[in-house]
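The values are calculated or read from the model by the stated rules, or taken from the named source; none is laboratory data. All figures in this text were calculated on a predicted structure; none of them were measured in a lab. Virtual Cβ from ideal backbone geometry, glycine too; neighbours counted across all protein chains shown.
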Amino acid sequence: MSDVSLKALINATDKQREFLKATDIYKYPLFGGAKGGGKSRILRWALVRLLLHWAKSGHPRVRVGLFCEDYPALKDRHVTKIATEFPAWLGKIGDSQTDGLGFRIHDSYGGGFLALRNLDDPSKYASSEFAAAAVDELTKNKRETFDQLRSIVRWPGIGHNPIMGGTNPGGIGHDWVKKLWITREFGEGDPDPKQVFFLRVLPTDNPYNTAEYIDELKHLPENLRQAYLEGSWDSFLGQYFTEWRNDKHVVEAFTIPEGWRRFRAYDHGRENPACCLWGALDYDGRVHIYRELYVRHKNVDEIAAEIVRLSGNEQYDFSVADPSIFAKLGFVDRTGGQTIAETFGRHGVGFAPASNRRVDGWALMHQYLKWDENTPPKLVFFKNCDNSIRTIPSLVHDEIRVEDVDTDSEDHAGDAARYMLKALHERRTPPPLTDTEKKLKVLVERGTQVDLQALYRGDYYRNTSQ
């Protein structure tokens, strides 16, 4: 097959051609960010293109993988399309006991195999090997799934093994995908930033989209219009807190006034993150989350010590925590050992059980996040609360219990915030005493008889020379 005929066969748009070039350069290219960009189609052809290229370079019968989050998605997006889109002379789709479901390129073109797989249980591919992989709708998957794929994409003699993706905003993986490809925040265990590439594609970049389709996207509800038409990663289908806007809910840090009531809320985790939030209530009933602790792989003693350090000499109206840390289960129940809550108490961190009425708590959080042009939200976060700002707007609805958050989301900061709001339950900090009220307080404490009318006239004292 000549390069010209392959180009004609793929018939890529300008953006799709740009993506194909990126797959030759970058280890982790991502395509999309909005509806109608032609993501699924170019992922199929990008893998076929690699197989044909490798065969021409002396690497026949190579295996690559095309993955979706589950089989129904795989069937709808790819299996049914391959049957009509790939010409019969190129190869044949089938499901054999040896190779599983996939598209086998004819031996005359190298005999490469495009394996069609679902990710309902990624661990089943632990011993598999693919020279390249593509994940359609990457945000439908957890970060752990992506990392497992990173461990199985390799092939003898082939040095460049891309793991490519296509995606829209939204889904349980929205947060981690946004963090790597959009905001480019890298840490330990993340891919090399130089190998991470995002190609933003809008529906208007695809000449095959009709004017009617574009017009339909323009008239979607605002959050979906921003996501599907404009490629916004701050609004997306399934987003739980659609009220969230960084310019409304994120504020610059400042010194909390002494008169504001303070409180703490904690959601426990070890393999998953543990999150402690510090909040303060102003005189208008507005909650300011001014500090967070967000750690994983730490023992309870280490977490408690850090909470003590960060709390300093502050005084709190209440400190509440995930009710599960108070349970005596398993080893603790059999031996009389300490619960997690008791371990915190030993360090001087006294938690009370938080309400775990999830739907009620989320409903209250909606109320506090709500805003309009004339009314600011009643819940804001200091700019230094990075993980709260990152994860709370990324929470998605549970597919079955739609009034709840999907517990597969990174919901730890969200849980701590709802614990805090449920404990507070609309209580407000009383305003500071006026000068007159302060003087009255002094007189009452002295046992002095007070003439209130004289007090408010300025004649503060009666029957006293002071």
Among (1) of a type in the set (Phe, Trp, Tyr); (2) touching a strand residue (DSSP E or B) at 6+ places or on another chain (Cβ under 8 Å); (3) free of Cβ contacts under 8 Å to residues at least 40 places away in the same chain - the single one Phe67 does not satisfy: (3)
Residue match in region 215-234 (condition: polar (S, T, N, Q), touching an Asp or Glu at 6+ places or on another chain (Cβ under 9 Å) and touching a residue at least 24 places away in the same chain (Cβ under 8 Å)): no
Qualifying residue in region 421-438 (condition: among the small types (Gly, Ala, Ser), under 20 Å from the mean Cα position of the chain (by Cα) and modelled with pLDDT of 70 or more): no
Among residues of region 121-144, those that are among the polar types (S, T, N, Q) and touching a strand residue (DSSP E or B) at 6+ places or on another chain (Cβ under 8 Å), counted: 3
The listed residue being touching a helix residue (DSSP H, G or I) at 6+ places or on another chain (Cβ under 7 Å), in the same structural domain as Pro29 (by TED's automatic domain parsing) and surrounded by 16 or more Cβ atoms within 10 Å (Cβ to Cβ), out of Leu199, Leu180: Leu199
Listing of strands (runs of 3 or more DSSP E) fully contained in region 1-100 that carry 3 or more residues being of a type outside the set (Gly, Ala, Ser), under 30 Å from Pro193 (Cβ atoms) and at pLDDT 95 or above: 28-32, 63-68
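In the set Ile289, Ile303, Ile256, Ile307, which member is assigned to a loop (DSSP other than H, G, I, E, B) and either modelled with pLDDT of 95 or more or within 22 Å of Asp175 (Cβ to Cβ) (or both)?
The match here is Ile256.
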Failed item in (1) more than 20 Å from the chain's Cα centre (by Cα); (2) closer than 17 Å to Phe382 by Cα; (3) not acidic (Asp, Glu), with Tyr283 passing the rest: (2)
Among (1) within 21 Å of Ser311 (Cβ to Cβ); (2) at pLDDT 95 or above - the single one Leu369 does not satisfy: (1)
Residue ID - surrounded by the most Cβ atoms within 10 Å (Cβ to Cβ), chosen from residues in region 31-46 that are of a type outside the set (Phe, Trp, Tyr) and more than 20 Å from Ala115 (Cα to Cα): Gly32
Any hit, region 367-377, residues being aliphatic (A, V, I, L, M), exposed (fewer than 14 other Cβ atoms within 10 Å of the Cβ) and either farther than 15 Å from Arg264 by Cα or over 22 Å from the mean Cα position of the chain (by Cα) (or both): no
Scan of region 105-149 for residues that are surrounded by fewer than 16 Cβ atoms within 10 Å (Cβ to Cβ) and either among the aromatic types (Phe, Trp, Tyr) or in a helix (DSSP H, G or I) (or both), ordered by number: Asp107, Ser108, Ser123, Lys124, Glu144, Asp147
